[in-house]
Structure formats: C-alpha cells, structure tokens
Amino acid sequence: MEATLPVCKSFKPASPGLFFGRTGGIKSSQCGFLVESGVNFPRQRAQVLKAGSSAKQKAGALGARCSANNIVVANRGERAREKILVANRGEIAVRVIRTAHELGIPCVAVYSTIDKDALHVKLADESVCIGEAPSNQSYLVGNNVLAAALSHRCTMMHPGYGFLSENADFVEMCREHGINFIGPNSTEEAERLAQEIGFPVMIKATAGGGGRGMRLAKEPGEFVKLLQQAKSEAAAAFGNDGVYLEKFVQNPRHIEFQVLADKYGNVVHFGERDCSIQRRNQKLLEEAPSPALTPELRKAMGDAAVAAAASIGYIGVGTVEFLLDERGSFYFMEMNTRIQVEHPVTEMISSVDLIEEQIRVAMGEKLRYKQEDIILRGHSIECRINAEDAFKGFRPGPGKITSYLPSGGPFVRMDSHVYSDYVVPPTYDSLLGKLIVWAPTREKAIDRMKRALDDTVITGTQLFMLDAWIYNSVHILFSSQDFKTGKVDTAFIPKHEAELQELREAQLQKVASAEELDGALA
C-alpha cells in the first residue's frame, strides 16, 4: 500500500537514518510498521477481527490505515469526526488516550523503535513508528510527528508534557497544516539582564522542565559558563536551547495554580498544588491544597493566576507558578502552557478530568464551570515512582519488569504505563508512574500514602530497581515533624541529607548481606 507523504516545508529534513520509501511511511534500520506484540489488548484484537484478510497486507508506518477510521460514535456529534495524535510516550500518553476514548475520540500513537511494545502503542487505535530510540531521532523530530498526523488524517495533536509540548515552531506548523494543537537571546544580553536582576539568578530552559536546562549562578564570574551549560542541556533534552532568567529566592515554597481558559474569554482556576519537595530542582512529591496557604492568600494567588492567563488571551489548561517566601510574599515564576506531571492531585480534590476539559476547550467548547462552581474537597498527595539506582548517583535503571502490582483500595490511583514483562528503556525519563491518594484530611492522606507505598510491588532484572531512595525518603518525610506540620520548602531534601545517607548505607548493607546469603546457599 502506497501513501503520499505530506510536505512540511518549515522543518529540517528527517534525522539521518530515516527515509520515506515507496511503501509509504517512515523507515529505519529497525522499524517500518511495527504492530506485532506478545500481548494482545482488547482494542487490538477488535481491529484484527474487523480487518479480516486485509490485515495480512503489510504497509509502511505512514501508509497504514486502521478500521478505527470508520468508527462512528452515536450521539457524539462533532467528536465522531475528530482524531487525536498523541505526540508523547509513557504514562501521559496512556492518560490522554484513555480520556479520549471516553469521549469517543480515536487516537494515533507515535513511538520509537525501542517503544514498539509500550502500553500507549497497545491502547491506541493506530500507531506509527517515527524513528530510532534517541528522542532527537524520534519524539523531538517535528516533521516526522506532523507527517504521521497528516497521513493518518488526525484533526488534533496532544503533546503531553516535555518533548514538543512547548515548541513554538512546532505549534505554528500544526496550525499551518490545519491541525488543532492542544495546548497553547545572546550571551551579552543575558549578562546585562543578570546584572539588572541581581545575583544570584536562576537560569531555566524555556521549552521544558524537570530540572533539566537549569543552573544557579551565584556570582557574575560563573554566569557565562553556567549559561552555556544550561543551553546545551536544554537543546539535548527538548530540541530547543532557549533559556530565561529569574531572581533566585532562597528556600521558597513552590506553589502553582491550575488554570483553565476557553476562547470566549472565560478563565477559572482549580486551586493550588504545593510542589516544594524537590531533588535537584525536580519535583518528587506534590500535594493539594498547600498547607501553607490561608484562605486570603489562596484567593490573592488564585486571582493573580487567573488575571495572568486572561491578560494574554490564554486558551486551554495551564499552570501559573509562584515562589512563596517565609513572609507570605509571592512572586510570579513562570507559566507552563501544557498539562503538568502532577495534575492528578488537582483532579482528586476537584473531581474534574483535566485532560477531558483540555480536549473540550480545544474543540471550541465553552467552559462548563464558573469559579463559584469549583469546590475543592479533602487532600491529595502524589509520589513519583522512578527507575533509578539510588546507590549509584540516581543513575537510570533500565531493565525488564518481572512483576508489577500497583496498590489499590479506596481513593488510591496509579497512573503508569508499565506492566509485567515490559522492558524499561535506557533512553528516556526514568518515571515509571505516579502513585496518588486522596483523603478527607492531610493527616489521613499521609497515612494512606504510606500504606499504598508499602503495597506497591515492582520487581525487575539486572540494573532495574524501584527507586528505594524515593520510597524511603518519603517515609522519612512522613515521619518528620516539619512535614507533618507543613513546614517545608524547596531545600527540605538537602536539609535532611544526613538522615537519608544513613538510610542509604543501611539499605546497601542489607542488600550486600542478602547477596552473601544467596551465595552461601548456592
């Protein structure tokens, strides 16, 4: 089966090793149209049955057509003609696909050669291999992603977070090609701005987060070197070396407000999240609401967040982030124009599916909520589960998952893309999933999270291991009087480094003793 590849003039040519052949689609040394899998999911089985004998035909990735194209969803109106390309991987891709299916909207997944058996690929209605394992040869190659969307007649593009989610050039390309994107300087100049702001200054990547592309310059003499480091790291991680500068506030709380806006000028917020527990500027634990905010301060910050979004005519979901100092003064930090990793805690206290609202707004619908309609109940906590080796500098720990049993019980949620026999690749972010709990009070939420962490089972081979450091540090957090009373800031982890080090050494000794015992028994 042949396909005509759309021409995307504004992007650079595809990465070396990729070419567009006569069979249609993107090819590489390892991928063409990779649909085979050892695990058949219900949606995949349904497609095989509908396809009949034609399923035996082979086609290139961009030339593929799935019977899901002909799905007609009763009583869904315009949604029956929509189709979303999910330009991401991992848990966020799974999250988007599930909500889209609840809305009756089919999805196309994109994946790299190493992700051919990933869960988002199995859950999607169609899938397209867009390149080799490195993200700069697949998920960051905008022309491949856009070509996949056009050839599969997608009407919408959901970027998730990271990768192309904050790439302005890619957003413009989508619009030029009629695809609805769901989401919205020189060294000398930078030095001058740093002097105006006053040292210390924080250098941050414009196109992403997660602590990458970020450096703290404490004095002028180190600024240029750190600026170049931040730009290089940002380019490698996000395909964009743009950075911005902000005044560094010593040991603040990180408070962010979730906003939602439509094209008719309506803007609301769903309260705040406290993301102060961080390691190397990367969030580890998030909770909502913040124990530090009074009703008056919450209203002031919420009003400021809504005003910021309204002032720029923002449309979609977004996060307005603030730094809160010990005196109760807050400072605007940045606005993330995408869905955040930690959005589930807001969903838990508001009973709103933010991905669904994001899609509805992108389709031109008016907000279904006024600010007075939004009632926040209880308390929610999220812990990130990573595949890292805590005893070797938090080095990513790829490998095969041999058993996976997420925690359950009332008001416990696990957002993850892993399953038994899934192979964690070494190429991408180490996030395996997010464990989220809700309870009527913060104290009860802490107890529930401790129990949920104890119940969670993830085992694997060789280098792979559940991040014991995060697991144990969370337990230390929960037993800390400062955490119990809500007295935390972004320096909380460094302040408790001695306790964590003792626990790491004890854990390492326990592992060594177990290995000695196994050797003796053998």
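Taking a ≥ b ≥ c as the square roots of the eigenvalues of the Cα gyration tensor, region 224-297 is oblate, since a/c reaches 1.5 or more and a/b is not larger than b/c. For region 279-287, 3J(HN,Hα) computed residue by residue from phi via the Karplus equation (6.51, -1.76, 1.60; θ = phi - 60°) reads 10, 6, 6, 10, 5, 10, 9, 10, 9 Hz, glycine and proline entered as x.
Just the protein heavy atoms count here, and of the accessible area of region 334-385 at 1.4 Å, carbon and sulfur take up 44 percent. Annotation: amide H-H contacts under 5 Å for Phe411 (H modelled 1.01 Å from N, sequence separation of 5 or more, or interchain): none. Taking label positions 7 Å along the Cα-Cβ direction at both Thr441 and Ile374, the computed distance is 2.7 nm, reported to one decimal. Pairs over the 30 Å Cα-Cα cut-off, from the set Lys247/Lys299; Lys122/Lys231; Lys400/Lys434; Lys231/Lys283; Lys204/Lys495: Lys122/Lys231. Listed by chain and number, the aspartates and glutamates whose alpha-carbon sits under 19 Å from that of Lys510, ignoring those within fewer than 8 places in the same chain, are Glu388, Asp389, Asp454, Asp467, Glu499, Glu502, Asp518. Protection proxy ranking of 252-260, 368-376, by the mean of other Cβ atoms within 10 Å over each peptide's residues and highest first, is 252-260, 368-376.
Converting phi to 3J(HN,Hα) with the Karplus coefficients 6.51, -1.76 and 1.60 and the offset θ = phi - 60°, region 319-332 yields 10, 9, 9, 10, 9, 10, 8, 5, 8, x, 7, 10, 10, 5 Hz in sequence order, with x at every glycine or proline. Measuring only protein heavy atoms, the 1.4 Å probe finds Met173 accessible over about 10 Å².
What shape does region 344-459 take by its C-alpha gyration tensor, where a ≥ b ≥ c are the square roots of the eigenvalues and a/c under 1.5 counts as rounded, a/b above b/c as prolate, and the rest as oblate? Here region 344-459 falls in the oblate category. Between the beta carbons of Gln501 and Asn136, assuming R0 = 41 Å, the FRET efficiency works out to 0.70 to the nearest 0.05. Summary value for region 290-350: 25 percent relative contact order, contacts being C-alpha pairs under 8 angstrom separated by 6+ residues.
Each residue was assigned an accessible area with a 1.4 Å probe, and for Glu356 the value is about 40 Å².
The order of Lys283, Lys510 by accessible area, most exposed first and with a 1.4 Å probe, is Lys510, Lys283. Quick check on region 100-159: take the gyration tensor over C-alpha atoms, sort the square-rooted eigenvalues as a ≥ b ≥ c, and tell me if it's rounded (a/c under 1.5), prolate or oblate. In terms of gyration-tensor shape, oblate. With the simple spin-label model, which puts each label point 7 Å out from Cα in the Cβ direction, the Asp454 to Lys218 separation comes to 4.1 nm. Counting only protein heavy atoms and using a 1.4 Å probe, the accessible area of His417 comes to about 10 Å². Roughly speaking, to the nearest percent, how much of region 86-134's 1.4 Å accessible area is carbon and sulfur? Percent of accessible area from carbon and sulfur atoms in region 86-134: 53.
The values are calculated or read from the model by the stated rules, or taken from the named source; none is laboratory data. Here the structure is a predicted model, which means the values were calculated and not measured. So basically every Cβ, Gly included, is an ideal-geometry build from the backbone, and we count neighbours across all protein chains shown. Surface areas here come from the heavy atoms of the whole protein model, side chains and all, with no ligands, DNA or RNA. Shrake-Rupley method; radii C 1.70, N 1.55, O 1.52, S 1.80 Å.
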